[in-house]
1. Could you do me a favour and compute the accessible area per residue for segment 6-59, 1.4 Å probe, result in Å²?
2. For the chain, what does -39500 (n - 2.57) per DSSP helix run (n ≥ 4), summed and divided by total residues, give at 222 nm, in deg cm²/dmol to the nearest 500?
3. Take every DSSP beta bridge with both residues inside segment 217-363 and express the antiparallel ones as a percent of the total, to the nearest 5.
4. Filter the GluC sites (Glu not before Pro) in segment 1-90 down to the DSSP loop ones having no more than 16 other Cβ atoms within 10 Å, then list what survives.
5. With every protein chain kept in place and ligands, DNA and RNA left out, what is the accessible area per residue of segment 93-160? Probe 1.4 Å, answer in Å².
6. May I ask for the distance between the Cα centers of segment 247-296 and segment 184-231, given as a whole number of Å?
7. Which value, in Å to one decimal place, does the Kirkwood hydrodynamic radius take for segment 277-363 when every pair of different Cα atoms is included?
8. Using only C-alpha positions, report the orientation-averaged shadow area of the convex hull of segment 29-92, nm², one decimal.
Amino acid sequence: MKQLNKFPDQELLSAEGPFVTIYQSADPTQLAMDAEQIKFKNLIRKALDQVNDDKLRKQLEDIPNDKQFWAAGRSGVAFFITPNQTFFYEVSSKLQDFVSYGERPNILPLIEDFQYIENYHLLCLTNREMKLYAGRLDSIERIELPADAPTTLTIALGDELTRGKQLNVGGGAGNIHGVNDKNNELEIDQENYFRVVDKYVMENFSNPNQTPLILFALTENQAVFRNLSKNGCLRDERIESSPTSLTDNDIKKEVGELIANVLRNRHSEIIRRYEETTPQYKLGDQYQDLTTASLEGRIEVLFLEKDSKVTGTIDDEGQLGYEGNENFFNQLALNVTRTNGKVYVLNRSQMPGLKDVAAILRY
């Protein structure tokens, strides 16, 4: 079983079906572990009742369902099971428990977690120490770093610390030269420390999966760090205050305020862009036109109403038929995602023109 942390993920999108998709809401408290195991067992049983592929049944039966898995404090999990592999995501947004079986994965509930902001790292930084968190929306989890990580100035610089060094040159009393100015020492140490932190975070956390990095630091420390950082994953979004002496709950509150602002601003931006787009580059609920545009890779942005469903399937000739029980909107979302378009799943009140589906076309 493989955990995925980014969406879209090419490994999932290119996997061969059939797929069983399972979404399970979860109580992150330790007291709920037994109940979550029982609930997941029932969802697996429901899936097995629908599946006749032996390899897929074997994958379903082999999914871990133990206390260790459910003890991780997850608030929701999305499973995508194929005959050859099982993928899962931790999900922060509110889920409804359900099981689906078909030729394609059901990605619509998952999109909400990633539509405005990806999973990210949060770097809490002062000129003396650092802490690192893994973030999903407004949920954060402290990353336990190894003993040799540059968590403090002393660990990072050791014998290379500038402060306190004196170069005693010359002979008699009153003739001591080369004593570093204290402020100069502090600035040198701070910059050296920030360079070490930047390199460590970039190489060990940002670069491997191109995970965005959010900086939590005083305004003056933000300026110094950003000026010297070589981390291409460092984002403009930031928290400009001191993380010194803050508890994890205090930090989570600050993160919650930042993420709420990010979500509001990014939603406003994309809706404004739709409204400013000329009519020839917009589509509403013209389902066949949306089908054709999605297959040709002409949809840049797709908006779908949450929980809305149109039963239908796109055939090999690119025609939409209304037989079967597949959700056409899910297939549409997959087409757009696979052609590097962006999909948003929104409440009715947030939808452009209050439609169930809308799109911005590529120029």
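1. Working: 2980 Å² over 54 residues.
Ligands and nucleic acids excluded, the figure is 55 Å² per residue.
2. Numbers: 11 runs with 124 residues, N = 363.
Calculated at 222 nm, the ellipticity per residue is -10500 deg cm²/dmol.
3. Values: 10 of 15 bridges.
If I count the DSSP bridges inside segment 217-363, around 65 percent turn out antiparallel.
4. Working: sites: Glu11, Glu16, Glu36, Glu61, Glu90; in loops: Glu16.
When the GluC sites (Glu not before Pro) of segment 1-90 are filtered for loop state and at most 16 Cβ neighbours within 10 Å, Glu16 remain.
5. 46
6. 30
7. Values: mean 1/r = 0.0782 Å⁻¹.
The Cα-based Kirkwood calculation yields 12.8 Å.
8. On the way: hull surface 16.7 nm².
Mean orientational projected area (segment 29-92, Cα hull): 4.2 nm².
The values are calculated or read from the model by the stated rules, or taken from the named source; none is laboratory data. Since the structure is predicted, the reported quantities are computational estimates derived from the model, not experimental observations. Cβ sites come from the backbone with ideal geometry, for glycine too, and all protein chains shown count toward neighbours. These accessible areas exclude ligands, DNA and RNA; they are computed on the full protein's heavy atoms, side chains included. Shrake-Rupley method; radii C 1.70, N 1.55, O 1.52, S 1.80 Å.
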